[in-house]
Every structure is written in C-alpha cells, then in structure tokens.
C-alpha cells in the first residue's frame, strides 16, 4: 500500500484564478462589513464614525513613523505564529502561547536585569526560548504520560503562567523593583541597560528593531524545514496519521513532544524579543504579553498554517494593533476600539472558514486506511 501525504492546509486541487478571486472577494466583503459595523457602533456611542478607516490607515502606515511601529508589532506575532504552525503540522493544538510568551519574557527579564552587554542579551534571548519550551513541555509531558489533551493543558497553563509571573513581581530577589521611592514597584528594577537592548534600523523616518529581520529569517527557515527536510516530512506524516507514522519508524512521542516544546519555545522567544526591543518601555510588567500570544495564534489560522503566508498576515494584524491605538486618539472610547479591532480580526477569519466548509462539502472523504496490509512506501 502506498500512502500519499500532503501538507495540512494545502489545496487538494490546482489553484485557479477563479478560486483566488473568490477568496479575495470574500476578504473584501468581510472587511467592508466589519468596517460598516464598526462605524455604526462608533456612531451610536457618539464617536467620529467617519474617521474609522482613515484613522486605521493613518495610525498604521500613512503618518510619519507609523509603519515602523507596525513592523515592530508584527515581528512577535510572526514568531508566535511559526510555533503554532509547527504543532499544527504534527497534528497537535497549542493554544497556550499567551502563557508561554509571558514565561519566556519573565525568564529573559531575569537574565537581562542581572548583567549588561551583548552576551547578556544573547543569554536573555536563549533563556526566553528555553523558558517557553519548558512551559510547553509540561503540556507535552501530560499529553504523552497521562493522555491529557494538550488543547486543555496548554490553555489552563496560561492562567498558571499569569499568576506565576505575577508572583515574580512581588519579590525583590526575583523581578520586583527594589527602589522604595517608586510609586509603582510592580515591575522590573529599572529599564533594561542600553547595551543589552536589541538595536534599531532607521529608514525613511521610521525605526524598527532588528528582531523584524530575525522574524523574517526564521519564517524562511521554518518554511524550508517544513517542506524540504526529513524532520518536516515526519511531522507531516505524524499529523496525518500517527499509526502510519509509527509503522514507518517515526518516533511518535519524541516527535510530538518536541513539536509542542518547540512551539512554546517560539512563543517564549517572542516574549524575550519584545522585552529586549522595548515593549513596556524595556520593563517586565503585569500583562506584558498584551494578547500577542492569542493574536499570533490567529495569524497562523488566517494564514492556514503556511509559514510564508504568515508574513503579510502578521503585517495586517500589526497594522490593526497600531491603527486601533491611533483610533483611540481620535476620541473613540478604548472599549469600543477593542470591539472594532475584534470585528476586523473576525473578518479576517471568516473567508478561510467559508472556503474550508465549501471544500468539505464538495470533496469526498478519504478512503479508510487499512491497517492489515504492510506499508511498502510513503511518498510526499
């Protein structure tokens, strides 16, 4: 028996101009409806509804220096999305990126605030990577030792991470600011030393950290490894059929656990990058993750688990974050701004869902795989 394995999320047939036009049309329609609903909501609450679209554009790309901020916001979203894609390829579901990012950022902050210099910066980034991996590793251990679904454990660990990192900010020997004269001591002691920060690129009046370039390089590397390496092929087989993967020699437990841990490592690394690039003014504070973990997961979903497609999607999500902040500056209430951003994010999620439902209706289910016959060969 020969099994053909295709990447999750890939098209089952040749791409056509009609299907592309249909997808684009769905996106345009969904975004237009979201903008109309947003304008109506702002008008009802007495805000300047006519400025919704222009404020989003001005705040994200058009005003001086804004597209640099958009790139800064997009970088950690992209890194988190890459980790989510790795677990999805292995057939696992990690929805605990928010907690893994917080743990990674807290670990990086502890290392970075106990020294200075480029080597300390590298150590902090590595610590964030390891911290996120260890936190996701708890879910991997529960998954393969006690059969606890990772979708549950990763979600619950978000709340544990929130309380745990909050505790770190209550002890001076950990992360609490030791200056008794500070009005708000629930933060790391002082700003990160300038020698321990990620540098910035300045171009055309905009500036963004080198982490943006690093995120793009990581995206290309993950795309190549996923599609051109034995490791990526093993994850694909595991995600499609764990029994088949085991029968052809894939170490199911090791591959699955490492994929889940690597996903958490990417989220933790994103937190370390945020801390070293100036999020929260180079301090670790309560709520540091600021929904980056959740939105990074959404980036992967909208991109349909394709690494390279995550780049433009992350830019759109970054633009929504910076643009919505500018919308609040026009006099719209902050709570309404959050609803507007949520509507636009939902609009980005609707078209892929509609396409997937339509494909499921017109595509017959695959024939059941017989487990009695030996596997002769497995081709991509």
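The values are calculated or read from the model by the stated rules, or taken from the named source; none is laboratory data. Treat the numbers as computed from the prediction; the structure is a model and nothing was measured. Every residue, glycine as well, gets a Cβ built from its backbone with ideal geometry; the counts of neighbours run over all protein chains shown.
Before moving on, here are some points about what is shown:
Every residue, every condition in (1) over 21 Å from residue 154 (Cβ atoms); (2) assigned to a loop (DSSP other than H, G, I, E, B), yes or no:
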residue: 237; (1), (2): yes, no
residue: 255; (1), (2): no, no
residue: 271; (1), (2): no, no
residue: 275; (1), (2): yes, no
residue: 280; (1), (2): yes, no
residue: 285; (1), (2): yes, yes
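- Residue 133 under 21 Å from residue 170 (Cβ atoms) and crowded, with 24+ Cβ neighbours inside 10 Å: no
- Here the helices (runs of 4 or more DSSP H) wholly within the stretch 8-99 that include at least 3 residues being in contact with a helix residue (DSSP H, G or I) (Cβ under 9 Å, 6 or more places away or on another chain) and at pLDDT below 90 are 17-44, 52-57.
- Cβ pairs under 7 Å, 6+ apart, first in the stretch 307-320 and at positive phi and without any contact (Cβ under 8 Å) to a residue 40 or more places away in the chain, second in a helix (DSSP H, G or I) and buried (at least 19 other Cβ atoms within 10 Å of the Cβ): none
- Of the criteria (1) at positive phi; (2) touching a residue at least 12 places away in the same chain (Cβ under 8 Å), which one residue 147 fails: (2)
- Tallying residues that are within 29 Å of residue 285 (Cβ to Cβ) and crowded, with 24+ Cβ neighbours inside 10 Å within the stretch 87-109 yields 16.
- Condition met for residue 127 (buried (at least 24 other Cβ atoms within 10 Å of the Cβ) and over 17 Å from residue 154 (Cβ atoms)): no
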